[in-house]
Structures are given as C-alpha cells and as structure tokens.
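Here's the structure, in structure tokens; my notes come after.
Each reported figure results from applying straightforward, stated rules to the coordinates on display, with no laboratory input. Just so it is clear, the structure is predicted and the values come from calculations on it, not from any experiment. Backbone-built Cβ (ideal geometry, glycine too); neighbour counts: all protein chains shown.
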Amino acid sequence: MTHAACDHDHHHDHALDSNGIEARLAEAQALCLAAGERMTAPRLRTLELVLAHNGPIKAYDLIDRFHPEGAAKPPTVYRSLSFLEQMGLIHRIESLNAFVACHDHTESHSAAFLLCECCGKSEEVALNLSGITQKALESDFKVERVTIEAKGRCKACR
Ligand SMILES: [Zn+2]
Ligand SMILES: [Zn+2]
Ligand SMILES: [Zn+2]
C-alpha cells in the first residue's frame, strides 16, 4: 500500500490475532447454519483472509493469497465475497472497491465507515439513518442497502 504525504509510522495493532480469527470464523459458521446456508471451504477461506487483513482488502489480493501454493480462480473468490456480503459477514467499501469484515452481525444493518486516507484504516460505526429511511418511504423507494463512507485522517495520522 502506498501512503501519500505521510512521514510517520503506521502501527497495525488493531489486527485480530489467530484466536480472534478462529472465534470469528466459528461465529460465522454458526450464523450460516442458523440461516440454513452452507459455509463452504472457499467461503470460509475468503472470510479468514478478510479477517486476517488489517483494513479493507481488494478482491485481487484475496485471489493472490487464497492458496499458499498459488492464486485462486477469480470466480471462486467473487462468488464467496458476494455470499459473505449477503450474509452480512463482510461489507464492500464502494469507493475503495475493497472488503472489510463486519463487526456487527445484526441482520441487514446499514454500514457507515470512517476511512483514513493516510494509513488505510477503516472503522465501522453505527449510525441513525432515520432521515434517509423517512425520505425513501416518502418517495416509495425500497432501500436495499446504504453505505456511508467518511474520508479523512485517523488520530494517529494527524
Ligand atoms: Zn457491519
Ligand atoms: Zn490513519
Ligand atoms: Zn498515516
């Protein structure tokens, strides 16, 4: 990752350790089971890579890292990503075309992100969207998802 106009170190202390990742994978499997969906090996591996990455990760990086011995077939990864997104286990950050693990597994919540343009860190925050929900209702518009992306600098990067 390249950092424009940044002369400080980036500390990556918010990454999950392997126990944390194991716990999150077990949670995801339970969630799929409860929903009557299958957490296949490729889906699980994709989620593991997203969880292990510190910050938003792009599909081609997931494809590259998929197997220790080489890249995955792209459709395998794209299909897994879309399944995980539907299950609410990951979010797509549209402006970066990258994915992050969801830290709040309540069904179909709307995601809002604070994105640091310096270190690439993303933080998911809960947001009250009653304003836009009300406007959509008035326009008889069926909202399927709302993603809010706020860009700027995290505390460490200012
Ligand atoms: Zn989320
Ligand atoms: Zn930062
Ligand atoms: Zn920085």
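For a quick check: sort SER130, SER80 by the number of other beta carbons within 10 angstrom, fewest at the front.
Going from sparsest to densest Cβ surroundings: SER130, SER80.
How do GLU138, GLU22 line up, fewest other C-beta atoms within 10 Å first?
The fewest-first ordering by Cβ neighbours comes to GLU138, GLU22.
Determine the relative contact order of the range 17-158: mean sequence separation of Cα pairs under 8 Å and six or more apart, normalised by residue count, in whole percent.
It comes to 19 percent, rounded to a whole number.
Test of understanding: what is the full-extension gain from LEU129 to GLU37, defined as 0.36 nm times their sequence separation minus their Cα-Cα distance?
Here the answer is 30.2 nm.
Taking neighbour counts of Cβ atoms within 10 Å as a proxy for exposure, in what order, fewest first, do VAL50, VAL146 appear?
With the sparsest Cβ surroundings first, the list reads VAL146, VAL50.
In a GNM of the chain with a 10 Å cut-off on Cα contacts, which of VAL143, VAL125, VAL100 has the highest mean-square fluctuation?
Sorting by GNM fluctuation, first place goes to VAL143.
Using only the Cα atoms of the range 21-82, construct the convex hull and provide its projected area averaged over every direction, in square nanometres to one decimal.
Seen from a random direction, the Cα hull of the range 21-82 projects 4.2 nm² on average.
For LYS73, list the aspartates and glutamates whose Cα falls under 13 Å from its own Cα; do not include residues on the same chain fewer than 8 positions away.
Reachable aspartates and glutamates: ASP61, ASP64.
Please give the direction-averaged projected area of the C-alpha convex hull for the chain, in square nanometres with one decimal.
Convex hull of Cα atoms, orientation-averaged projection: 11.1 nm².
Would you mind calculating the gained length between HIS8 and GLU69 on full extension (0.36 nm times residue separation, minus the Cα-Cα distance), in nm to one decimal?
18.5 nm
Rounded to the nearest 0.05, what FRET efficiency is calculated for GLU144 and ALA26 with R0 set to 22 Å and r the Cβ-Cβ distance?
E between GLU144 and ALA26, to the nearest 0.05, is 0.15.
Under 8 Å for C-alpha pairs, at least 6 residues apart: give me the relative contact order for the range 19-83, rounded to a whole percent.
Normalised by residue count, the contact order of the range 19-83 is 29 percent.
List the lysines whose Cα lies under 30 Å from the Cα of LYS155, skipping any in the same chain that are fewer than 8 positions away.
LYS58, LYS121
Anyone know which of ARG45, ARG79, ARG145 comes out most mobile in the 10 Å Cα GNM of the chain?
Maximum among the listed residues: ARG145.
Give the Cα extents of the range 53-139 along the principal axes, in whole Å, largest first.
So the extents along the principal axes, rounded to whole Å, are 52, 30, 21.
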